[in-house]
1. Inside the stretch A:232-254, can you point out the residues that are surrounded by fewer than 18 Cβ atoms within 10 Å (Cβ to Cβ), outside any helix (DSSP H, G or I) and in contact (Cβ under 8 Å) with a residue 24 or more places away in the chain?
2. Taking the stretch B:159-214 only, how many residues are of a type in the set (Gly, Ala, Ser) and assigned to a helix (DSSP H, G or I)?
3. Please tell me if B:ALA317 is part of a helix (DSSP H, G or I) and either closer than 30 Å to A:GLN407 by Cα or of a type outside the set (S, T, N, Q) (or both).
4. Provide a single number: the residues in the stretch B:105-120 that are touching a residue at least 60 places away in the same chain (Cβ under 8 Å), part of a helix (DSSP H, G or I) and of a type outside the set (Gly, Ala, Ser).
5. Do any residues in the stretch B:153-165 that are under 12 Å from B:LYS57 (Cβ atoms) have Cβ atoms under 6 Å from those of residues that are modelled with pLDDT of 75 or more, where the two are at least six apart or on different chains, and which pairs are they?
6. For the stretch A:215-231, give me the residue count where each residue is buried (at least 22 other Cβ atoms within 10 Å of the Cβ), touching a residue at least 40 places away in the same chain (Cβ under 8 Å) and not β-branched (Val, Ile, Thr).
7. Considering each of A:ASP396, A:ASP423, A:ASP414, A:ASP366 in turn, give the residue that is on the phi < 0 side of the Ramachandran plot, surrounded by fewer than 23 Cβ atoms within 10 Å (Cβ to Cβ) and either in contact (Cβ under 8 Å) with a residue 60 or more places away in the chain or under 19 Å from the mean Cα position of the chain (by Cα) (or both).
8. Among (1) away from chain A (no Cβ under 13 Å); (2) under 29 Å from B:PHE208 (Cα atoms), there is one condition B:SER117 misses while meeting the rest; what is its number?
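The values are calculated or read from the model by the stated rules, or taken from the named source; none is laboratory data. Small disclaimer: the values here were computed from a predicted structure and weren't measured. Neighbour counts are summed over all protein chains in view; Cβ atoms, including those assigned to glycine, are modelled from backbone coordinates with ideal geometry.
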Amino acid sequence: MKKILAMALALVMLFSMAACSSNTPTPSNGSNEGQPGNQGSGETVSLRVWGAEEDQALLKDLVEKFKQAYPDQTFDIQIGVESESKAKDDILTDVTAAADVFAFACDQLPDLVAAGALLKLDENMDAALQNYAKKSLDDVKNENSQGSVGSATLDGSLYAFPFSADGYFMFYDPSVISADQAKSWDTLLDAAQSGGKKVGMTLASGWYLAGFYYGAGFTTALNADGTTSMDWNGTSPSGVTGTQVTQAALKIAAHPAFMPVVDGDSSNQLKSGSLCAIISGCWDSQVAAEKWGEGYMACRLPSFMAGDKEVPGGAVASYKLMGVNAHSKNTGWAMLLAEFLSNEESQVARYTARQLPPTNIAAASDPAVAADKGVVGLADQSENAYLQSAGGKYWDPVKSFGEQIAQGTIKSDDASVQAALDDLVAGVTAPLS
Amino acid sequence: MKANTMAPKPVSLERDLTSSGHFFSDLRTAVVKGDAFVKLSLLWWGAGYARRKQFFKAAVMTLLEAAVIWFTVAFAFQYVPKFGTLGTVQAEQIFNMETMKTEWNNYDDSFQILLFSVLSFVVWITAVAVMLKNMVNVYQLQRREELGLHINTFKEDVGTYLNEKFHITLLSLPVLGVVMFNVIPLLILILVAFTNYDQQHMPPTALFTWTGLTNFINLFGGGGLTLTFGYSFARVLVWTLVWAVFATFTTYFGGILLSLFLNNKRTKLPKLWRALFIVTIAVPQFVSLLLVRNFFADNGIFNGMLTSAATALGIIAEGTTLNFPWLTAPGWAHVTIVLINIWIGVPYQMLIATGVLTNLPVDQIESSRIDGANACQTFRYITMPYVLFVTGPALVTDFVKNINNFNVIYLLTQDVYTTTNQALANSQATEVDLLVTWLFRLTQDYYNYKMASVIGIAVFVICAVFTLVAFNFMLSGDKEGVYN
Amino acid sequence: MEKKPINTKQLVKDIFRHVFIVLMVAVWLVPIVWLVATSFSAYNGRDMTNFFPQEWSLIQYQKLFTPDTVANFPAWFMNTFKVACACCVVSTLFTLMVAYATSFCDFKSRKPLMNLAVILNLFPGVLSMIAVYFILKALGLTNTHLGLILVYSAASGLGYLIAKGFFDTVPRALCEAAKLDGASQARTFISVIIPLSKPIIVYTIISSFLVPWMDFVYAKMIMNSGISDMWTVSIGLYNMLDKALINQCH
């Protein structure tokens, strides 16, 4: 027995010796340590970029252009694959092992900032930016649309560079639905029914369902301690009650021509051919074109009646942002790379390659870009597009609530709806466990 | 057979002459009755060996002791002093314009402190155990010298490792692997249950610290937390147990029955049939599970097939679609999951059962047949007891494994099942969740490591209770000798 | 001639038996057949209305074997194969070693060790993922295949129960005979017991070989650099399936 222990002890210590030597407060992130004091001329700057799978080829080109833009500095840039909608998960598992520059969807911003994964773009960064890229942070803010900059800002500071608009709106088939019929849910659903088709929308999602409430003036907000505040069970500033909005949603979901879509399944439902309209975003533009021909239309979400008031169809505005890892070994250069990957030329290149709507105002006003159906839809919706701010406890309860609406398990009388809303708000606003 | 010869024999065969067989009384004897060198071994581990001229061993033990001391001074002292507070220095950064890099202060990383402290504790405990055992051994050496018995040369000592002490040679690497990759991570995560490590307190940016039993109180309903956490825990627990029972026994008996069926003398091409069943094992579980998930989806293939079949048979009118919520409605999903698990698990169990049945005592069966027993009786009184004996412990392990069967539930329901129970949703749970899938979701999606650890501990306690009860029930009498 | 009535009864029974088996096999293989059929479909995405594809084509296989920027199936296959081979060697060795030690060797701490193994098995595996990750990181083994091998096989000694059950049924007389012939325990292990244990060795090899192909949770966590050439098949497949079967877009 002693000898098992002895051998085990020896080997365990051997391992910890190895650990001791490789364990320093700033673990290796793939960079060559240089001597401080050089203005970046001698050493190679090592950077890692994470981008979506479809973006890999594009990123390679852009990185080459970046290297040419700063010829005095040698770089070693590695490009990795990371889903933009799941970036937060991988980054938060181990912040120090994440890439130096990564793309993510704006709803992950608060969590990333709280975990210290995003570099705050402050005066130091501004100075560095002006030094090398000859532009200031204010320039960047002015170049991009207000909504996109707002989505990258937290507590007044900018934390990432926006590069693409990613929200949702409505696509419809003009051969079944006319532009007038698309203006309100009632006419839309009736027209769809007479055309023998359905209208699809995801309800079981905190991203889609919130549109109904935001449009009516309700809000959610992320508090400093990570909890969420929500007022959907009361009355909104415009005089609409949450009960009325929910009842309207229940009525829409109960209509025979309405089809609730599982979150993420919109492309498949579109391809099946049973839909004539769908609430979706640019990722489905191509499928819509295939199914409904090039003449397919994009516009804002339809309005609905809450009580006796007409509420415009709201949507959550969403953007894709390029962030810098605060624990990067080369934060300065990483920031320059992030800025480059999101500047006007890069956004134009991205649009050309993947038809992703740019957030850069100049790029978006280019006639070819402006005519893009996705851009049109986003622009139409932008009047009623709201930035979403919610904490961790928001998503699951709202998802379940949306599912209950979709399945019609909430009775539509006032008392039941109010009770359901109260339960929902209680769950969302609960203190963190 | 006690030998009283003076002929040279390796030490361990004569342990009965020099020890009483109990560790602590041996230790006491060693300390009290040991000579100067034995007592010196408390400080210098090699002392006793050097005196008895076992120089190799002395050198080995001295090196070992030096390594432990070096480890303590060079490594453990960096982390263990901070164990009580789990770090106090918050991370701060300044940007250095010249190098274009961010510089960090020498901040504390709570998780690293926890990790390396636990590692240090394990090393120290092992070192103490080695030292104490060393004392006992050295005292035995002294006694042997006094009694005039042979003292092993180094070569003979090494020889015992291939013979009497072979189990030590065999077990050292596996035990090390288990300690490094199973025991230490477990200890760490158990300790996390007593901290506040969650999304608001994530290293390296933030520190977390000890909070005692707060998390346990929160789980079981008190402490001002939403009432639903305790409610969810109860519901998820019930389903976990129900599921484990069904999953284990359906696949176990299914596998045995199928194996018997195929093994039957009158079955043609048993190897072919077995091979076909094994094909389902060859496909990686997550691929087949994701596949099956889509197979049974709302508006999926299975519903489509049922619709076409029913329309063809005239049961339903043309144009209506059958859309059973196989995996999306509470009651349906529970049953479907158990059925799909049978699909996954039976081939595996059949494989094991086939292996077990090869050693079935055929002579017993023959004689029972001659005595007039039919197939059912043979099964009940001969086959089943034998199979239960061989795989009994594995059955209990399987039950416990099913309590923790993450894959099947997660892959079948993760993205398709949405609960309509607001109370469950408020705690991020669903009706089909096992405790482990709930735990995983809390860890992965919400970084709520502390609550996840608490749930993990709760799972352990439940499993431990079951296992103890089951083992006591089964092993009432050590039957290991029966079948040798 | 009196054998005839018994023969037909037996014949009917046999036919039923085989029909039942064929039915069972069919049920078991339906999803696999669907998988294979869909892989030959020219349709991108999930076809929900037809069991067999409307258009047969080899295009999916073409896509699979042509490495593009991300999907690099040949590299994934080789990675996983490497890991699986190493894993199965280590796991089998460890399992057999522990099973032999607990079955044939009688030592004082045998029962306590076995109880400890049972207790360790009672903890859920997914609980300690994050700690394992940081241990590997401290050893510098994240994003390496060696790290993966360690994760899959280092603790495999805990899965010794089935092998031990098998060893328990081996007659002790064999060991006694070997000892009388002067063989040490080591000798007995290598020359007598191992050749006898072929079925259990095969079982252990198969089950440990399959582990790296099936696990994606640990693999995904350890290979987190985003370099898709380092991935194993399970990570790659999970990624692809995630997109193909549930089209996660934005």
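1. Across the stretch A:232-254, the qualifying residues are A:SER238, A:GLY239.
2. So in the stretch B:159-214, the residues of a type in the set (Gly, Ala, Ser) come out as B:159, B:172, B:177, B:193, B:206, B:212.
Right, trim to assigned to a helix (DSSP H, G or I) and you get B:159, B:172, B:177.
Counting residues in the stretch B:159-214 that are of a type in the set (Gly, Ala, Ser) and assigned to a helix (DSSP H, G or I) gives 3.
3. On the way: part of a helix (DSSP H, G or I): no; either closer than 30 Å to A:GLN407 by Cα or of a type outside the set (S, T, N, Q) (or both): yes.
For B:ALA317, the condition - part of a helix (DSSP H, G or I) and either closer than 30 Å to A:GLN407 by Cα or of a type outside the set (S, T, N, Q) (or both) - is not met.
4. Just the residues of the stretch B:105-120 that are touching a residue at least 60 places away in the same chain (Cβ under 8 Å), to begin with: B:107-112, B:114-115, B:118-119.
Going one step further and asking which of them are part of a helix (DSSP H, G or I), we end up with B:110-112, B:114-115, B:118-119.
After this cut, where a residue has to be of a type outside the set (Gly, Ala, Ser) as well, the list is B:111-112, B:114-115, B:118-119.
The number of residues fulfilling the criteria is 6.
5. Partner pairs satisfying both residue conditions: B:PHE154/B:PHE56.
6. 3
7. Numbers: A:ASP396 fails: surrounded by fewer than 23 Cβ atoms within 10 Å (Cβ to Cβ); A:ASP423 fails: either in contact (Cβ under 8 Å) with a residue 60 or more places away in the chain or under 19 Å from the mean Cα position of the chain (by Cα) (or both); A:ASP366 fails: either in contact (Cβ under 8 Å) with a residue 60 or more places away in the chain or under 19 Å from the mean Cα position of the chain (by Cα) (or both).
Matching residue, one of A:ASP396, A:ASP423, A:ASP414, A:ASP366: A:ASP414.
8. Single failed check for B:SER117: (1).
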